[in-house]
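Okay, so here's the structure we're looking at.
Derivation of every value follows stated rules applied to the coordinates shown; laboratory data play no part. Since the model is a prediction, treat every value here as computed from it, not as a measurement. Here Cβ is always computed from backbone atoms with ideal geometry, including for glycine, and neighbour counts include all displayed protein chains.
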Amino acid sequence: MRPTEQRSSVRANFPFKVQFKVLTREEYETIKRSCDAMLSKGNRGLAIETTGSDERNNVAILNSSLTDFLIRIDEKLDRVMAILSKDLPDKEVFNQGKGESIGGSGMTLKGGIPVELGQIIHVEVTLSKFPLTFIDLFGKVVWVSPVDEEGATMYRLGLEFIDLDPNDSEKIIACVFEKQRENNRKRKSESYEN
């Protein structure tokens, strides 16, 4: 029997920044409908004309990253303005967390708020700053483990992605492969030094 490649099973352990908040099923459905409506209007990304096939491929990646970046700036500015003006209810504020591992089907994160099994978590993940790899995810909590960290109780959460866009899945898998290549290069470099 030949093993089959399961790209969604690819996983890497490395730290990355996350912001997250717990959603009710109704909040999740509302956000999902809103996202689906925006996607049905079509992709209105930036278009830059270049010559040569290699340049076009590079520009397409840059366009996608740049478009994501500009959209995120707008969302973050709205959130900052609402927080500063005290107009944003506490339940709308994202909590800061730390991603510990990620793969094509789920992730592990650590945060300071308790959650229950089965709850839906909205997660904003920054996997890489260059190229910008920012992903907006939804996950269902499949396990919770309290952790004592410097006298404070933190919660390690295992999330299974729900409704993950195939493009976002490919971004995650590409980032995981890149981190694995970096680790392999580092190990080889250390073994040559010894």
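At most 14 other Cβ atoms within 10 Å and a DSSP loop assignment: could you name the GluC sites (Glu not before Pro) in segment 114-194 that fit?
Values: sites: Glu116, Glu124, Glu149, Glu150, Glu160, Glu170, Glu178, Glu182, Glu190, Glu193; in loops: Glu116, Glu150.
Answer by residue number: Glu116, Glu150.
Would you mind calculating the gained length between Asp163 and Leu132 on full extension (0.36 nm times residue separation, minus the Cα-Cα distance), in nm to one decimal?
Length gained, Asp163 through Leu132: 9.0 nm.
If you filter segment 130-184 for trypsin sites (Lys or Arg not before Pro), then keep DSSP loop positions with at most 11 other Cβ within 10 Å, what is left?
Filter output for segment 130-184: empty list.
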